[in-house]
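First comes the structure, then the notes that go with it.
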Amino acid sequence: MVEKYTSSNGVRIILESMPAVRSVTIGIWIKTGSRNETSHNNGISHFLEHMFFKGTKTRSAQDIAEAFDSIGGQINAFTSKEYTCFYAKVLDTHKEFALEVLADMFFESTFDEDEMEREKKVVYEEIKMCEDTPDDIVHDLLAEAAYGEHPLGYPILGTEKQLASFHQKQLQQYVEDHYTPDHVVVSVAGNVSSEFIHNIDAYFGSFTRNASAEEAIIKPVFLQEAIYRSKDTEQAHLCLGYKGYEVGDKLLYPLSIMNNVLGGSMSSRLFQEVREKKGLAYSVFSYHAAFIDDGLLTIYAGTGKDQLGQLEEVIYSTLRHFVEQGLTEKELRNSKEQIKGNLMLGLESTNSRMSRNGRNELLLQRHRSLDDLIVEIDSITNLQVTEVIQNVLMQQPSQALIAPEDTRK
């Protein structure tokens, strides 16, 4: 059972007890990511994620690392388009210590100038590493093709130019403006009782920060642009993007079934047609990303540059057939079982429970039981999925391509 408590300052605490395990995962979720940035500070959310590990008033960066190594725990963080999360997984006997260190990082990080300059070099290397991985960077290009100059089109890592401009006061101001109590959720899952809520409230329940200006979240306009980048690669990397559904939309589960049949599994149509029957790609898949007011269905495949035209023909032929004939009852039945299985198996760890609850609270402010979700998935009809197929795949897609040369010309 998921318990929710709202502190007097607006911080929300979500706790799910899992008595059968011996671990506890604690996550601090902040509703800010690259979407909340501008063209002048793109990448600051991700850089801040790094800097919270670089020392507090009482702990050095090495002290923070050793704090978790010394108890056999794990600490990590990630930044997305719309949120940032810091989390730690420890044995249940060390949960109070883990909470104290996380709170120290959250409230007492100094963003030391010398540490900033060193960490900029680390993030430079992360950007370069991404640039050297075309099957990663092509997804950033697709976001740009789909959303243009809207912040959803920005890369999460930012650029080297913007990274070089960041300074201590800028980071401190960004924290003041965005790491406000109403944007913070602390999610805990594992062998922990309700009393632990009081421990969390003692750290997070009284801090005050008020954004200097009310932030306007602008709904994106979905573009149907095509971006091509020439790069000396062995393969051509292709992404197609279709306008999807936002977080909380009632058609998200029918969309999940559609995606599963299209390219979300080894038995999917794209995998079978592109890889198994034609041998055109080692990697081919589709996935859907839901944002607070939009969504993006992405199809990816990588192939030899001389086979790019053939790859596109097979992909578009598969999509046309899917639109015209829909999915079979067998595909519907199998896909439901796959989604239910993935959902249930994915919730067996404290990490996944913490993540599910944190994200749901941050973006939806509601929590549904696993049984309710199973009932909803079982109730999905072929007609609902067909409606989604028609709505999504009959559009003109956005497109991104990385290749040595565009052989389709």
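The values are calculated or read from the model by the stated rules, or taken from the named source; none is laboratory data. Nothing here was measured: the structure is a model prediction, and the numbers come from that model. Virtual Cβ from ideal backbone geometry, glycine too; neighbours counted across all protein chains shown. What goes into the accessible areas is simple: the full protein's heavy atoms, side chains included, and nothing from ligands, DNA or RNA. Shrake-Rupley method; radii C 1.70, N 1.55, O 1.52, S 1.80 Å.
In segment 61-96, which residues are touching a residue at least 60 places away in the same chain (Cβ under 8 Å) and among the hydroxyl-bearing types (Ser, Thr, Tyr)?
79, 80, 83, 87
Residue by residue, here is whether (1) more than 28 Å from the chain's Cα centre (by Cα); (2) under 27 Å from residue 247 (Cα atoms); (3) modelled with pLDDT of 95 or more holds:
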| residue | (1), (2), (3) |
| --- | --- |
| 319 | no, yes, yes |
| 335 | no, yes, yes |
| 345 | no, yes, no |
| 350 | no, yes, yes |
| 356 | no, yes, yes |
| 365 | no, yes, no |
| 397 | no, yes, yes |
| 407 | yes, no, no |
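Looking only at residues in segment 257-274 that are of a type in the set (S, T, N, Q) and part of a helix (DSSP H, G or I), which one is most open to solvent (accessible area, probe 1.4 Å)? Working first, answer last.
Within segment 257-274, the first condition is being of a type in the set (S, T, N, Q), and the residues that meet it are 259-260, 265, 267-268, 272.
Next cut, part of a helix (DSSP H, G or I) only: 259-260, 272.
Values: 259: 23, 260: 16, 272: 66 Å².
If we take residues in segment 257-274 being of a type in the set (S, T, N, Q) and part of a helix (DSSP H, G or I), then 272 is most open to solvent (accessible area, probe 1.4 Å).
If I filter segment 191-206 for residues that are at pLDDT below 95 and open to solvent by 10 Å² or more (accessible area, probe 1.4 Å), do I get at least one hit?
Yes, because at least one residue in segment 191-206 is at pLDDT below 95 and open to solvent by 10 Å² or more (accessible area, probe 1.4 Å).
Among the candidates 156, 127, which residue alone is touching an Asp or Glu at 6+ places or on another chain (Cβ under 9 Å), open to solvent by less than 50 Å² (accessible area, probe 1.4 Å), closer than 20 Å to residue 400 by Cβ and in a helix (DSSP H, G or I)?
Values: 156 fails: in a helix (DSSP H, G or I).
Answer to the selection: 127.
Return the total of residues in segment 87-108 being surrounded by 14 or more Cβ atoms within 10 Å (Cβ to Cβ) and either among the hydrophobic types (A, V, I, L, M, F, W, C) or touching a Lys or Arg at 6+ places or on another chain (Cβ under 7 Å) (or both).
Result for segment 87-108: 14.
Test residue 391 against the stated conditions and say whether it is buried (at least 19 other Cβ atoms within 10 Å of the Cβ) and modelled with pLDDT of 95 or more. Before the answer, list the steps.
Details: buried (at least 19 other Cβ atoms within 10 Å of the Cβ): no; modelled with pLDDT of 95 or more: yes.
Against the criterion (buried (at least 19 other Cβ atoms within 10 Å of the Cβ) and modelled with pLDDT of 95 or more), residue 391 does not qualify.
If you scan segment 324-364, which residues turn out to be assigned to a loop (DSSP other than H, G, I, E, B), open to solvent by 40 Å² or more (accessible area, probe 1.4 Å) and more than 18 Å from residue 248 (Cβ to Cβ)?
Pass one, segment 324-364, residues assigned to a loop (DSSP other than H, G, I, E, B): 326-328, 346-349, 364.
If we keep only those that are open to solvent by 40 Å² or more (accessible area, probe 1.4 Å) as well, we get 328, 348-349, 364.
Matches in segment 324-364: 328, 348, 349.
Hey, can you tell me all the residues within segment 326-376 that are closer than 29 Å to residue 91 by Cα and among the hydroxyl-bearing types (Ser, Thr, Tyr)?
349, 350, 352, 355, 369
Answer yes if at least one residue in segment 369-391 is over 30 Å from residue 274 (Cα atoms) and assigned to a loop (DSSP other than H, G, I, E, B), and no otherwise. Walk me through how you get there before you give the answer.
Applying the first criterion (over 30 Å from residue 274 (Cα atoms)) to segment 369-391 yields 369-376, 379.
Subset that is assigned to a loop (DSSP other than H, G, I, E, B): 369.
Yes, segment 369-391 has at least one match.
Restricting the search to segment 376-391, which residues are of a type in the set (A, V, I, L, M, F, W, C) and over 26 Å from the mean Cα position of the chain (by Cα)? It would help to see each step written out before you state the result.
Residues of segment 376-391 that are of a type in the set (A, V, I, L, M, F, W, C), as a first pass: 377, 380, 383, 385, 388-389.
Residue satisfying the conditions is 383 alone.
If you scan segment 275-294, which residues turn out to be within 16 Å of residue 312 (Cα to Cα) and in a loop (DSSP other than H, G, I, E, B)? Step through it out loud before you land on a result.
Kept after step one, since they are within 16 Å of residue 312 (Cα to Cα), are these residues of segment 275-294: 275-286.
278, 279, 280, 281, 282, 283 - these are the residues of segment 275-294 that are within 16 Å of residue 312 (Cα to Cα) and in a loop (DSSP other than H, G, I, E, B).
Which residue pairs have Cβ atoms under 9 Å apart, sit 6 or more places apart or on different chains, and have a first residue in segment 216-234 that is in contact (Cβ under 8 Å) with a residue 12 or more places away in the chain and a second that is of a type outside the set (A, V, I, L, M, F, W, C) and open to solvent by 100 Å² or more (accessible area, probe 1.4 Å)?
Here the result reads 224/396, each pair linking segment 216-234 to a residue that is of a type outside the set (A, V, I, L, M, F, W, C) and open to solvent by 100 Å² or more (accessible area, probe 1.4 Å).
State which residue is most open to solvent (accessible area, probe 1.4 Å) when the search covers only segment 230-256 and only residues that are closer than 21 Å to residue 364 by Cα and in a loop (DSSP other than H, G, I, E, B).
Looking only at segment 230-256, we keep the residues that are closer than 21 Å to residue 364 by Cα, and these are 243-256.
Now drop any that are not in a loop (DSSP other than H, G, I, E, B), which leaves 244-251.
Numbers: 244: 12, 245: 31, 246: 70, 247: 19, 248: 37, 249: 50, 250: 155, 251: 16 Å².
Once the filter is applied, the top-ranked residue is 250.
Would segment 261-272 turn up any residue that is among the charged types (D, E, K, R) and either over 19 Å from residue 321 (Cα atoms) or in contact with a strand residue (DSSP E or B) (Cβ under 7 Å, 6 or more places away or on another chain) (or both)? Working first, answer last.
At the first step, the residues of segment 261-272 found to be among the charged types (D, E, K, R) are 269.
Pick out the ones that are also either over 19 Å from residue 321 (Cα atoms) or in contact with a strand residue (DSSP E or B) (Cβ under 7 Å, 6 or more places away or on another chain) (or both) and you get none.
Looking through segment 261-272, none of the residues is among the charged types (D, E, K, R) and either over 19 Å from residue 321 (Cα atoms) or in contact with a strand residue (DSSP E or B) (Cβ under 7 Å, 6 or more places away or on another chain) (or both).
List the residue pairs whose Cβ atoms are under 9 Å apart, where the first residue sits in segment 335-346 and is closer than 15 Å to residue 266 by Cα, the second is of a type in the set (Lys, Arg), and the two are 6 or more positions apart or on different chains.
none
I'd like to verify a number: residues in segment 109-124 that are assigned to a helix (DSSP H, G or I), surrounded by 14 or more Cβ atoms within 10 Å (Cβ to Cβ) and touching a residue at least 40 places away in the same chain (Cβ under 8 Å), how many? Break it down into steps so the answer makes sense when it comes.
We begin by selecting, within segment 109-124, every residue assigned to a helix (DSSP H, G or I); these are 113-124.
If we keep only those that are surrounded by 14 or more Cβ atoms within 10 Å (Cβ to Cβ) as well, we get 115-116, 119-120, 123-124.
Subsequent filtering for residues that are touching a residue at least 40 places away in the same chain (Cβ under 8 Å) retains 115-116, 119-120, 123.
Residues in segment 109-124 being assigned to a helix (DSSP H, G or I), surrounded by 14 or more Cβ atoms within 10 Å (Cβ to Cβ) and touching a residue at least 40 places away in the same chain (Cβ under 8 Å): 5 in total.
Would you please name the residue that is nearest to residue 310 (Cα to Cα), looking only at residues in segment 220-229 that are of a type outside the set (A, V, I, L, M) and open to solvent by 20 Å² or more (accessible area, probe 1.4 Å)?
Of everything passing the filter in segment 220-229, 228 is nearest to residue 310 (Cα to Cα).
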